[in-house]
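These notes are about the structure you will find just below.
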Amino acid sequence: MKLQVSCELNFQIDDSTALILMLRPYNGANQKLVKSSYTTVPEIQIVENIDSYGNFLQRLVAPHGEFVIQTCYEAITSETIATAPGAEFVEIQRLPESVLSYLLPSRYCESDRFGDLARHIVYDIVPGYDQVSKISEWVRHSIKYMPGSSDSPLSAIEVHNHGYGVCRDLAQLAITLCRSISIPARLVVGYLYQLEPMDMHAWFEAYIGDQWYAFDPTQTEPRGGRVVIAFGRDAADVSIFHQFGLGCILNAIDVRVTLLN
């Protein structure tokens, strides 16, 4: 399927502010970009880099006044996501080196604190894909998905204690539980076709059966129509923007995902 995805960020800048953004989707990862547009009003210089996870970063200095960033992409992506019930657990000694960091506790995923709960959730489940599927199902039923309920990332402990969260929060709790039983898991941010309410979206992937599989605790069944922007250990790695200074306020964000013929 071909999707047009766009994001507009409207800032008020009281004093020129350095920004690092993550708004350009992957060209790969089971998706292909066919058109792209990245503009700012007023027009300024943008420097692009690639981080250690392969994500595209855009660096700029936003000038005083109203500042707008507009991105628009056309991407070809799958209408479905791969599932593999019964796919095997990969022993630690067989994992690729690039996957090992996704086993460890990170800023928002305190996996060293959730071992007992994770083992309780999957105690009668065959190791591997089925365990991750059970964890995702448990998070969906145990943590209420409430879009707009938090402006800043919460740790897995906070999400578990609150009992609700945004998509990113549910994904990070699931990641934490997976890592607690030695299954590598990572956070994904991007777009989801027909998401309600429409916004940037987050889900997670787990490494089972020698490949990454996507899971989304906010959805009742596997859904395709996803365009990936970035991967990381948790929200600290995949924020769509970081500001360096106090004189920057995000007034509005407008996200749109449209099916093209």
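Where a number appears in this text, it was derived from the coordinates with a stated rule and is not lab data. All values reported here derive from a predicted model rather than from experimental measurement. Note that we place each Cβ from the backbone using ideal geometry, even for glycine, and neighbour counts take in every protein chain shown.
Cross-link partners of LYS2 among lysines, defined as those whose alpha carbon lies under 20 angstrom from its own and excluding same-chain residues fewer than eight positions apart: LYS32, LYS35. Positive-end ranking of ILE76, CYS109, SER98 along the dipole of the stretch 69-114, with charges on Cβ about the Cα centre, is headed by CYS109.
Computed about its Cα centre, the charge dipole of the stretch 92-232 is approximately 100 debye, with only Lys, Arg, Asp and Glu carrying charge at their Cβ.
Charge tally around ARG119: other residues with Cβ under 14 Å, Lys/Arg +1 each, Asp/Glu -1 each, net 0.
Each peptide in 119-130, 163-174 receives the mean, over its residues, of other Cβ atoms within 10 Å, and ordering these scores from highest gives 163-174, 119-130.
Between the exposed loop cleavage positions of the chain, defined as GluC sites (Glu not before Pro) in a non-H, G, I, E, B DSSP state with at most 16 neighbouring beta-carbon atoms within 10 angstrom, the longest gap is 92-261.
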